[in-house]
1. For the stretch 48-62, what are the residues that are part of a loop (DSSP other than H, G, I, E, B) and either touching a helix residue (DSSP H, G or I) at 6+ places or on another chain (Cβ under 8 Å) or modelled with pLDDT of 80 or more (or both)?
2. Exactly one of (1) over 19 Å from the mean Cα position of the chain (by Cα); (2) part of a loop (DSSP other than H, G, I, E, B); (3) surrounded by 13 or more Cβ atoms within 10 Å (Cβ to Cβ) is unmet by residue 139. Its number?
3. Which one is farthest from the chain's Cα centre (by Cα) among residues in the stretch 28-81 that are loosely packed, with under 15 Cβ neighbours inside 10 Å and under 30 Å from residue 102 (Cα atoms)?
4. Taking the conditions exactly as written (at pLDDT 95 or above and of a type in the set (A, V, I, L, M)), does residue 121 satisfy them or not?
5. Could you list, in sequence order, all residues of the stretch 63-112 that are touching a residue at least 40 places away in the same chain (Cβ under 8 Å) and either over 18 Å from residue 123 (Cβ atoms) or assigned to a loop (DSSP other than H, G, I, E, B) (or both)?
Amino acid sequence: MQNGNPGNTSGSAFTPDDQVRTFHEQALARGEKRVLFRTVDGALHSYAQDELGVVTASSHPQVRSAGGFLVMAVFLAALSVFSVLLVAGPTSRGQDPMWGALILTVAGAGGVLYAARMAGVAAKAKRLRAERGIPEPTAKQFDW
């Protein structure tokens, strides 16, 4: 052990992770914005920010794909439409509109915009990875 790094003795060769870290540090020194992340195969890879897409840092199931974000956008759009009906519904019975339900309308519309934007980010990242032959990042977090 040399410099507190196990397996990094003076006679040992660089591991693939060491080579990726060296490339990553050189890219950062050139001013590139990159992120070290594990691939689905478990290998370390230096991703440009636009190649990484939507990253989750949780062990809970989360949306990461463009299709998943589009499903979320459709659900939130339905919530917005329903909330408009909640606002206008009481007027058919001669009552005042339920203005408090406008909070749901605003939240749903904001959620649609967010989900649509994230779907675009995820789709662009997937397209860039496919064009450049870059492996898919993992949804699991590892200590490296």
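1. Answer for the stretch 48-62, where residues must be part of a loop (DSSP other than H, G, I, E, B) and either touching a helix residue (DSSP H, G or I) at 6+ places or on another chain (Cβ under 8 Å) or modelled with pLDDT of 80 or more (or both): 53, 54.
2. (1) is the only condition that residue 139 fails.
3. 81
4. So residue 121 fails the test.
5. 63, 64, 65, listed by residue number.
The values are calculated or read from the model by the stated rules, or taken from the named source; none is laboratory data. Computed from a prediction, not measured in an experiment: that's the story for all the values here. Virtual Cβ from ideal backbone geometry, glycine too; neighbours counted across all protein chains shown.
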